[in-house]
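The values are calculated or read from the model by the stated rules, or taken from the named source; none is laboratory data. Computed from a predicted model, the values in this text were never measured in an experiment. Cβ sites come from the backbone with ideal geometry, for glycine too, and all protein chains shown count toward neighbours. All accessible areas refer to the heavy atoms of the entire protein, side chains included, with ligands and DNA or RNA removed. Shrake-Rupley method; radii C 1.70, N 1.55, O 1.52, S 1.80 Å.
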Amino acid sequence: MNRFARLLEALVFTPGRNGKLRLLEHYFAVTGDPERGYALAALTGTLSLATAKPAVIRALVAERVDPVLFDLSYDFVGDLAETVALIWPEAERKTEAVADSTALDLTEVITTLQRSSRTEVARLLGNWLDRLDATGRHALLKLITGGLRVGVSARLAKTALANWSGHDLTEIEELWHAQTVPYEALFAWLEHRGNRPAADLALSFRPLMLANPLEDRDVTTLDATQYRAEWKWDGIRIQVVGHGDTARLYSRTGDEIGATFPDVRDTIRFHAVLDGELLVLDGDRVAAFADLQQRLNRKTVSPKLMRERPAHVRLYDILVEDGDDLRSAPFDVRRTRLERWFARIQPERMDLSPLIPFRDWAELVALRDSARARAIEGLMLKRADGAYIAGRPVGPWWKWKRDPLTADAVLMYAQRGHGKRSSFYSDFTFGAWRQGALVPIGKAYFGFTDVELHQLDRWVREHTLRSYGPVREVEPSLVLEVAFDSIQRSNRHKSGLAMRFPRIHRIRWDKPAQEADRLESLERLIDA
Amino acid sequence: MARRSRMADWLDVRSEGLLVVPAGVYIDPVRSVDRAIVTHGHADHARPGHGAVLATPETLAIMRTRLGDQAGRHQQPATYGETVRLGNVAVTLFPAGHVLGSAQVLLEHAGTRVVVSGDYKRQADPTCTSFDLVPCDLFITEATFGLPVFRHPPAEQEVTRLLAARALHRDRCVLLAVYGLGKCQRMIALLRAAGHDAPIYLHGALQALCRLYTDLGIKLGPLHPVVGTTPDAMAGAIVLAPPSATRDRWMRRLPDPMVAQASGWMRVRQRAKQRGVELPLVVSDHADWDELCRTILETGAEEVWVTHGREEALVHFATQQGIRAQALSMVGFEEDGA
Ligand SMILES: [Zn+2]
Ligand SMILES: [Zn+2]
């Protein structure tokens, strides 16, 4: 438990992806079975465990700690789990070495939680906390209150397994969902001690095929007759896996997100693997991305939210139909199969992303530039004879975003970045004019070169009006040309607007701030 | 209450600080005064510009290094255990275990023994003399970490964590943020004791005091300035700097630094994270909650005044133990070298 607790703590504090990977690889290398398997499951959120309510934890600590001292401490720390972890009395000072030898292990904790009721957890918890040090107690309380947020996606964990074992990530991803906690067969194979575990692949994630951006390439160098065109939708990529009465929904990274979208998952009765875009509908139309965001990252969803923001899948590919793997078939064949399958099954809460007929590139360019409908980011070009290949092969699929919109905005606040950028002001908030005052309209932290970052950093330091911790308010005199994919109404922002993918396009050292854009002109860019 | 007023009647809390009336001397005054007793060299205790200063020889040396000609016109050294008479008050300094030269002040007057703890700790520290317990009637205690959430683990364990993180990230350097007096030298000495004998790199602001410690016989091993060292040479190295430098342009010269900070405040992880620390190390030169409580009881004091930090919880604790206690609000103290 202590080793796992220290891993969690290090993951929380390590900002970069590479640093996190290194910690995970090290942990898998030095930890034995079955503990590392349980840790892997806990990190990737694949366990369902008995939990304890905060009230139970407060009651336990009240039996042991003076209430005045507890309240003063809770006031100072601000987080219940952390306060309890820190204040929990220790009979004698435990060094990590002592704590390691007497502490309970993760396996015992998890296997017990898997078969316990809430009442039993409350009874066990006091004794468990007595056996751990502060770091261990904190981890246990987070585990038991369901709040283990350490920024490890299933994808990141699988990448760590691949790096550490030398096995191919694609292969691990295919096997992954057929494995069960604590993954002993998987680890045996990863360590070259055992055979590739047998996998019932029916419900597993098929690594996705991704497109390359067309930006730097002239479209006319491609043969128009060899490509098919579709709209590029502004939702989230989803893989739908139906296997009779069980179904899984996978995100782009292979995380299972069925519980977040039961409205889609529970209507599935077919045997197929489909590729598509998850969207939220508003009547017949696609809702703003902000509405989709409301539904992301939830473990449970209320009926009200599902009613107000119904999820929908717009399909564009079929990978498996009734056990028949179509991935090596050409796109045109898959498309025909998809259309026929759709007509036959008529799945609920799904529709087909239409193919867009065109004669030549000129016609398509015109279409792309005129398409300002909400939820369309641009076009996808797919080679008619291309197989479905995992990863990002160059050639068969291109994404062709419409040209970004731009606005001239005034820099208002700058914030220090993280990790390597922690000594730079690298996160910028900018605004537009409304009745002679600036209203913040967005935030961007990329788009500039390293040289420009140095220049911006120096400018911020020299033009600071006020500091609020890591944030500086600057003199409203620097104009930034901001590029963004679209702009939508939002009642969560003071300006009433939300930008999609804002980035710094150019620094307008030359432009007077008074000539920057007004809010009204941005409102005219809102998608139909 | 009669006893309390008898204890208090020759001590007075003024805006300058705690005044020992019959001796005409302030203890750690926050402004320049004619006569001062200074418990230790931290900036919020050792202010510039006093007339006469009574302190340990080490503290006086530290003041000269930091304050130059503002270190006090007349410096009067007193070694640990040596009694000095000021008016009709007997003053004796005892080790506080906080930083090199740090002292508790025992004041004996009119049959009453008063101890002013200054900043102190009871954990071992290779760079200073260990805390002495001084029995007294009135104990004036610090309370920097005066909440039961603060428990400092053994410092050696935190140094082991530091070295393990360094071993896992060989291509990066560890930038350890430390207060310049005490914590800096203690961390270096602990690293040396843990077998780390490679050169340690220092921010310019830390060099003078490290030199002074070395001159006073504390062994710190090879120390190099960051200035003039190439980034490549510092990959895999440990670099020490004051906390402010970790947010400064200065750190750009370091190869992919991993920011570590050694402080008692690191115990509260959410706060450590807010400060952008990647490797929080709980190493403090102050007493933790358990030490504060234990020391109050062990002095046998009938009355306790609590100052310099979070007074409320400690006053509550002492009161629960049947000891008269009150918070002594004094201005001008900050979170120093915690
Ligand atoms: Zn101090
Ligand atoms: Zn102090």
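Would you give the gap between the C-alpha center of the stretch A:238-311 and the C-alpha center of the stretch B:151-203, rounded to a whole Å?
Between the Cα centres of the stretch A:238-311 and the stretch B:151-203 lies a distance of 49 Å.
Based on the Cα gyration tensor of the stretch A:321-397, what are the three equivalent ellipsoid semi-axes, each the root of five times an eigenvalue, rounded to whole Å and given largest first?
The answer is 25, 18, 12 Å, longest axis first.
Taking only the alpha-carbon positions of the stretch B:229-304 and ignoring solvent, what does the Debye formula give for the base-10 log of I(q)/I(0) at q = 0.18, 0.26 Å⁻¹?
With no solvent term, the Cα-only Debye profile gives -0.79, -1.20.
Between A:GLN226 and A:THR170, how high is the FRET efficiency from 1/(1 + (r/R0)^6) when r is the Cβ-Cβ distance and R₀ = 25 Å? Nearest 0.05.
Result of the calculation: an efficiency of 0.40.
How many angstrom lie between the C-alpha centres of the stretch A:126-149 and the stretch A:1-68?
The stretch A:126-149 and the stretch A:1-68 have Cα centres spaced 8 Å from each other.
Let me check something: with ligands and nucleic acids excluded, how do B:LEU191, A:LEU148 order by accessible area (1.4 Å probe), largest to smallest?
Most to least solvent-accessible, the answer reads A:LEU148, B:LEU191.
Between A:GLN514 and A:LEU355, with labels modelled 7 Å along Cα→Cβ, what's the label distance in nm to one decimal, could you check?
5.8
Nothing charged except the Cβ atoms of Lys and Arg (+1) and of Asp and Glu (-1): what's the magnitude of the dipole of the stretch A:191-334 about its Cα centre? Round to the nearest 20 debye. Walk me through the intermediate numbers first.
Numbers: 21 positive and 25 negative charges, 117 e Å.
Using Cβ point charges on Lys, Arg, Asp and Glu, the stretch A:191-334 gives about 560 debye.
Could you please tell me the mean projected area of the C-alpha convex hull for the protein assembly as shown, averaged over all directions and given in square nanometres to one decimal? Mind showing how you got there, number by number?
Numbers: hull surface 167.6 nm².
With the hull built on Cα positions only, its mean projection is 41.9 nm².
For n ≥ 4 DSSP H runs only, could you compute -39500 (n - 2.57) per run for the protein assembly as shown, divide by its residues and tell me the 222 nm figure to the nearest 500?
Roughly -9000 deg cm²/dmol at 222 nm, from the helical runs in the protein assembly as shown.
Which of the aspartates and glutamates could be linked to A:LYS299 by a straight reach, that is with a Cα gap under 15 Å, when you skip same-chain ones fewer than 8 residues away?
A:ASP255, A:GLU256, A:ASP263
Apply the Kirkwood formula to the stretch A:405-527: the hydrodynamic radius equals the inverse of the mean of 1/r over all pairs of different alpha-carbon atoms; give it in Å with one decimal.
Across the stretch A:405-527, the inverse of the average 1/r is 14.4 Å.
Over its Cα atoms, what ratio of radius of gyration to 2.2 N^0.38 Å does the stretch A:2-145 give? Don't skip to the end; give the middle numbers.
Numbers: Rg = 15.4 Å, N = 144, 2.2 N^0.38 = 14.5 Å.
Here the Cα radius of gyration is 1.06 times the empirical estimate.
Could you list the GluC sites (Glu not before Pro) in the stretch A:23-63 that lie in coil according to DSSP, counting only those with at most 11 other Cβ atoms within 10 Å of their Cβ?
A:GLU63
Give the residue from B:GLY322, B:PRO77, B:PRO225 lying farthest towards the positive end of the charge dipole for chain B; charges sit on Cβ (+1 for Lys and Arg, -1 for Asp and Glu) and the dipole is referred to the Cα centre.
Comparing the listed Cα positions along the dipole, B:PRO225 ranks first.
When only alpha-carbon atoms count, how far does the stretch A:213-332 stretch along each of its three principal axes, as whole angstroms with the largest first?
Extents along the principal axes: 50, 35, 26 Å.
Any chance you could run the full-extension gain for A:ASP332 through A:ASP75? It's 0.36 nm times the residue separation minus the Cα-Cα distance, nm to one decimal.
Extending this stretch completely gives an extra 86.2 nm.
Put B:HIS45, A:HIS505, B:HIS109 in order of accessible area, largest first, 1.4 Å probe: what do you get?
Largest accessible area first, the list is A:HIS505, B:HIS109, B:HIS45.
Counting only heavy atoms of the protein chains, get the accessible area per residue of chain B (1.4 Å probe) and round it to a whole Å² value.
Roughly 36 Å² per residue, with all protein chains present.
Scale the Cα Rg of the stretch A:179-282 by the rule-of-thumb value 2.2 N^0.38 Å and send over the ratio, two decimals.
In units of the globular-protein estimate, the stretch A:179-282 measures up at 1.43.
Please name whichever of B:LEU67, B:ALA235, B:ALA165 sits farthest to the positive end of the charge dipole of chain B, dipole taken about the Cα centre and charges placed at Cβ: Lys and Arg +1, Asp and Glu -1.
The Cα lying farthest towards the positive end belongs to B:ALA235.
Given C-alpha coordinates of the stretch B:155-281, what is the ratio Rg to Rh with the Kirkwood estimate of Rh?
Rg/Rh: 0.93.
Place a +1 charge on the Cβ of each Lys and Arg in chain B and a -1 charge on the Cβ of each Asp and Glu, then give the dipole magnitude about the Cα centre in debye, rounded to the nearest 20.
760
Using square roots of five times the C-alpha gyration tensor eigenvalues, list the equivalent-ellipsoid semi-axes of chain B in whole Å, biggest first.
37, 22, 16
The stretch B:1-82: Rg/Rh from Cα coordinates, Kirkwood Rh?
Result for the stretch B:1-82 is an Rg/Rh of 1.03.
Working out 0.36 nm times the residue gap between B:THR83 and B:GLN326, then minus their Cα-Cα distance, what length gain in nm do you get to one decimal?
Result for the pair: 84.6 nm of gain on full extension.
For the pair A:ALA198 and A:LYS299, how long in nm is the line joining their label points, each one 7 Å along Cα→Cβ?
3.4
Extension gain A:ARG434-A:ARG340, at 0.36 nm per residue separation less the Cα-Cα distance, in nm?
So the chain would gain 28.5 nm between A:ARG434 and A:ARG340.
If the cut-off is 19 Å between C-alpha atoms, which lysines fall inside it for A:LYS494, apart from same-chain ones fewer than 8 positions away?
List returned: A:LYS443.
Set the Förster radius R0 to 45 Å, insert the Cβ-Cβ distance between A:GLU363 and A:THR119 as r into 1/(1 + (r/R0)^6), and round the FRET efficiency to 0.05.
0.10
How large is the charge dipole for the stretch B:155-281, taken about the Cα centre, if only the Cβ atoms of Lys, Arg (+1) and Asp, Glu (-1) carry charge, to the nearest 20 debye?
Here the size comes out at about 440 debye.
May I have the pair-distance distribution P(r) for the stretch A:259-316, computed from all Cα-Cα distances with 5 Å bins from 0 and rounded to whole percent?
All Cα pairs considered, the percentages come to 4, 18, 30, 27, 15, 7, 0.
Explain nothing, just compute: Karplus ³J(HN,Hα) = 6.51 cos²θ - 1.76 cosθ + 1.60, θ = phi - 60°, for every residue of the stretch A:59-75 in order, whole Hz, x for Gly and Pro.
Values per residue, Gly and Pro as x: 5, 4, 6, 5, 6, 10, 10, 3, x, 5, 5, 5, 4, 4, 6, 4, 4 Hz.
Using the charge dipole of the protein assembly as shown (Lys, Arg: +1 at Cβ; Asp, Glu: -1 at Cβ; taken about the Cα centre), state which of A:LEU522, B:VAL105, B:PRO154 has its Cα farthest towards the positive end.
Selected residue: A:LEU522.
Sort out the exposed loop chymotrypsin sites (Phe, Trp or Tyr not before Pro) in chain A (DSSP loop, at most 14 other Cβ within 10 Å) and tell me the longest stretch that has none. Write down the numbers at each step before the final one.
On the way: sites that count: A:PHE446, A:TRP509.
No qualifying site falls inside A:1-445, the longest such stretch.
Step through the table entries B:LYS121/B:LYS273; A:LYS399/A:LYS511; A:LYS142/A:LYS304; A:LYS232/A:LYS420, compare each Cα-Cα distance with 31 Å, and write down the pairs that go over it.
The answer is A:LYS399/A:LYS511; A:LYS232/A:LYS420.
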